[in-house]
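The structure's right below; bear with me while I get my questions together.
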Amino acid sequence: MPGHSCAVRGTFFDFVDDPWKHIGREAESARFVRDGLLVVEDGIIADFGDFAEVSKRRPGLQVTHLPGRLILPGFIDGHIHFPQVRVLGAYGNQLLDWLQNWIFPEEAKYSDREYATEAAGHFFQSLLAGGTTTALTFTTSSPVSTEVLFDESERRGMRMIAGLTGVDRFAPDYSVITPDDFYRESSRLIERYHRKGRNLYAITPRFSVGCSDEMMERCRQLKQEHNDCWINTHISENPTELYTSRRQSPDCIDYTAVHEKHGLLGPKFVAGHGVWLSNSEFQRFAKAGAAVAFCPLSNLFLGSGLFRLGRALDPAHRVRVALGCDVGGGNAFSLIRVMEEAYKVGLCNNTMLDGSVNPREQDAEEAERNKLSPYRAYYLATLGGAHALYLDDLLGNFQKGKEADFVVLDWNGGQAAMPWHQSLIVGDSGPESIEQAAEVLFGIMAVGDDRNVDETWIAGRRAYKKGAN
Ligand SMILES: [Zn+2]
């Protein structure tokens, strides 16, 4: 892998385990190194630990010191749309109208290479400014958009998953692609881009409501021929979409069954939203090793509903969950903002689960799992997201041998109120314990945004510095 070599000294925070497995003692899932040293060789973590020990093992290194900051693994976004950069925050519609009025007309422009190239610059710059170093992204049904996306991510050395986005119904004529063309172009793009540089390919049926049985069968064929590829789609986002799916597929008991019927549900299958998934569907996701990308910014912005995180994370049937910003349904690129909204969704769900509205819905354990502590939130944005996407062998924490993508957070960097707010917890010298670090991180997700991202590093090289780009 092409990468850079460096040694970075600072205060580090990452995860070694799933905090939901350590309820009541979540600090055990995390790791805090107050004065640490991260050594990177060719983009890969070669050493990590206390500065005093690592610097003794590796004398003579040229060290970049980043005091007054918290360094975390780069954020991993499990659901975003490259061709929707320009239409984030469109007024007034729920999902299906919003697609027709805003999204399909904008996405059509991405068959123009020049337009797509300009957009790619904005897309990657916005990701980096939010501290996001890896994303699973949709493109359009034009191969040009997929080529431009992969060419740009390779140029920047970023770990991205994407694929030609298939839709052959429920969209204007200019947005559809025939199943045969989709199959042929997907095969060509897999050959050209999958595992080239850090690029990975996702076979991408946009959503089954927009995909005929023939299109879904082509996806099955592609997955059989390229089992190493991912599958990226949407599921159970909006009630009208759900009813449409039921009408289209009377032979399937629910939305998930459509994907089971075509052999797609399994490892490396990632579906955005899952707001209206039933308990049975969650259980089948868990059994299959499939993942849901939880997109609260989008679910609230489009009025889709409240994802039942605590239900998805039932330890008896734990679903793999990543966070997604879902730009442009989501109205910001920042996973810090996504964590904030995810926290609020959890608390809204708990209004029902505490039994005060309906005693029969009381479920204290699910309610506890809904509460997004800083450990749980940042886990989902880093190691948990990597686990959901089957990337945790490559990314997600500072373990030796993993890829050195990381984000440098300034806990005072957000709105004007932040420095005094954070000074309640932490002095100028920064957090002194893991508990203090977690409180500072909660301050960032509750009060902050991408202004708290001071730097973003890709494969051992600084790719973004706030104010400098
Ligand atoms: Zn989406």
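Criterion first (among the charged types (D, E, K, R), more than 16 Å from the ligand (Cβ to nearest atom) and either open to solvent by 20 Å² or more (accessible area, probe 1.4 Å) or at pLDDT 95 or above (or both)) does E154 satisfy it?
Judged against the criteria, E154 is a match.
Within segment 371-383, does at least one residue satisfy the condition of being modelled with pLDDT of 95 or more, open to solvent by less than 20 Å² (accessible area, probe 1.4 Å), in a helix (DSSP H, G or I) and of a type in the set (S, T, Y)?
Within segment 371-383 (the criterion being modelled with pLDDT of 95 or more, open to solvent by less than 20 Å² (accessible area, probe 1.4 Å), in a helix (DSSP H, G or I) and of a type in the set (S, T, Y)), the answer is yes, since at least one residue qualifies.
Looking at V39 and the list (1) of a type in the set (A, V, I, L, M, F, W, C); (2) open to solvent by less than 30 Å² (accessible area, probe 1.4 Å); (3) within 16 Å of the ligand (Cβ to nearest atom), which single condition is not satisfied?
The one condition V39 does not meet is (3).
Looking at (1) of a type outside the set (F, W, Y); (2) buried (at least 24 other Cβ atoms within 10 Å of the Cβ); (3) under 30 Å from Y243 (Cβ atoms), which is the one condition that is false for M160?
In the conditions (1) of a type outside the set (F, W, Y); (2) buried (at least 24 other Cβ atoms within 10 Å of the Cβ); (3) under 30 Å from Y243 (Cβ atoms), M160 misses (3) alone.
I need the full set of residues from segment 232-252 which are within 16 Å of the ligand (Cβ to nearest atom) and closer than 16 Å to E281 by Cβ, in order please.
Hits for segment 232-252 are T233, H234, I235, S236, E237, N238, E241, L242, S245.
Find the residue count for segment 384-399, including only residues that are in contact (Cβ under 8 Å) with a residue 24 or more places away in the chain and either under 17 Å from V319 (Cα atoms) or exposed (fewer than 14 other Cβ atoms within 10 Å of the Cβ) (or both).
Residues in segment 384-399 being in contact (Cβ under 8 Å) with a residue 24 or more places away in the chain and either under 17 Å from V319 (Cα atoms) or exposed (fewer than 14 other Cβ atoms within 10 Å of the Cβ) (or both): 8 in total.
Answer yes or no: is there a residue in segment 203-218 that is closer than 19 Å to R169 by Cα and free of Cβ contacts under 8 Å to residues at least 12 places away in the same chain.
Scanning segment 203-218 turns up no residue that is closer than 19 Å to R169 by Cα and free of Cβ contacts under 8 Å to residues at least 12 places away in the same chain.
Given the conditions (1) without any contact (Cβ under 8 Å) to a residue 60 or more places away in the chain; (2) closer than 29 Å to C252 by Cβ, and given that S356 satisfies all but one, which numbered condition is not satisfied?
Against the list (1) without any contact (Cβ under 8 Å) to a residue 60 or more places away in the chain; (2) closer than 29 Å to C252 by Cβ, S356 comes up short only on (2).
The values are calculated or read from the model by the stated rules, or taken from the named source; none is laboratory data. None of these values were measured; they are calculated from a predicted model. Counting neighbours? That spans all protein chains shown, and the Cβs are built from the backbone with ideal geometry, glycine included. Areas reflect the complete protein model, heavy atoms only, side chains present, ligands, DNA and RNA absent. Shrake-Rupley method; radii C 1.70, N 1.55, O 1.52, S 1.80 Å.
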